[in-house]
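Reviewing the structure listed below.
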Amino acid sequence: MFSKETPDNRHYHRILYKAEATLSCEDKIWPCKITDMSLKGCLLCFDSPWVEDLEKLYILTLNLSDQVQITMSLTVSHVVGNNAGFKCEHIDMDSITELRRLVELNLGDSELLQRDLQALAG
C-alpha cells in the first residue's frame, strides 16, 4: 500500500458520485463502485482488497446511459483495503466532455469547475 497524494495537495474538486462501473486490464475485468470522481481521477471500491499490479494501466468504464459512457485510462495512486485511488492518465474528448458536465452539475458552481480545468491544463 502506498500513497502519492495527500488531501493538502489536491488541485481538483472531488464530487461524491456513487455508481457501478467496470475496471479492466488486459483480459481481466473487475466490477467496482465509484465513490468519488474528479477531472483527474477517482476513488473506487471493490468487493475484495485490491491486490493487483500497481504499475499497470487500467481502463475505467462508467455507463451514464445506454448511449453515453465515460472511459478513462488510469494508474493506481493509493490502496487502502477494498478502496483504491486512481489517477487519470488519458481520457478521450467525448469522455472528458461528459465528465466535465457531471462535475459541473455536482459542484453547482461553474467557477469551481473553471479552476479545475485551468489546473488540468496547467
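The values are calculated or read from the model by the stated rules, or taken from the named source; none is laboratory data. Keep in mind that this is a model prediction, so the values were computed, not measured. Methodologically, a virtual Cβ is constructed for each residue, glycine included, from the backbone with ideal geometry; neighbour enumeration extends over all protein chains shown.
Within the range 78-90, is there a residue that is aliphatic (A, V, I, L, M), touching a Gly at 6+ places or on another chain (Cβ under 9 Å) and at pLDDT below 95? Lay out the reasoning, then the answer.
Step one: filter the range 78-90 for residues aliphatic (A, V, I, L, M), giving 79-80, 84.
Checking which are touching a Gly at 6+ places or on another chain (Cβ under 9 Å) leaves us with 79.
If we keep only those that are at pLDDT below 95 too, we end up with none.
Looking for residues that are aliphatic (A, V, I, L, M), touching a Gly at 6+ places or on another chain (Cβ under 9 Å) and at pLDDT below 95, one finds none in the range 78-90, hence no.
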- Selection within the range 80-95 - in contact (Cβ under 8 Å) with a residue 24 or more places away in the chain and either under 14 Å from the mean Cα position of the chain (by Cα) or closer than 17 Å to LYS40 by Cβ (or both): ASN83, ALA84, GLY85, PHE86, LYS87, CYS88, GLU89, SER95
- Query: Within the range 19-36, restricting attention to residues that are over 15 Å from the mean Cα position of the chain (by Cα) and either modelled with pLDDT under 95 or part of a loop (DSSP other than H, G, I, E, B) (or both), which residue is farthest from SER77 (Cα to Cα)?
  - Reply: ASP27
- Query: Is there a residue in the range 1-18 that is more than 23 Å from GLU98 (Cα to Cα), modelled with pLDDT of 85 or more, of a type in the set (D, E, K, R) and loosely packed, with under 13 Cβ neighbours inside 10 Å?
  - Reply: no
- Message: When the residues of the range 47-84 are narrowed to those that are touching a Ser or Thr at 6+ places or on another chain (Cβ under 9 Å) and of a type in the set (Ser, Thr, Tyr), which ends up farthest from ILE29 (Cα to Cα)?
- Response: SER77
- Query: In the range 38-45, is there at least one residue being outside any strand (DSSP E or B), among the aliphatic types (A, V, I, L, M), surrounded by 13 or more Cβ atoms within 10 Å (Cβ to Cβ) and touching a His at 6+ places or on another chain (Cβ under 9 Å)?
  - Reply: yes
- Message: Of the residues LEU60, LEU39, only one is at pLDDT 95 or above, within 13 Å of the chain's Cα centre (by Cα) and not polar (S, T, N, Q); which?
- Response: LEU60
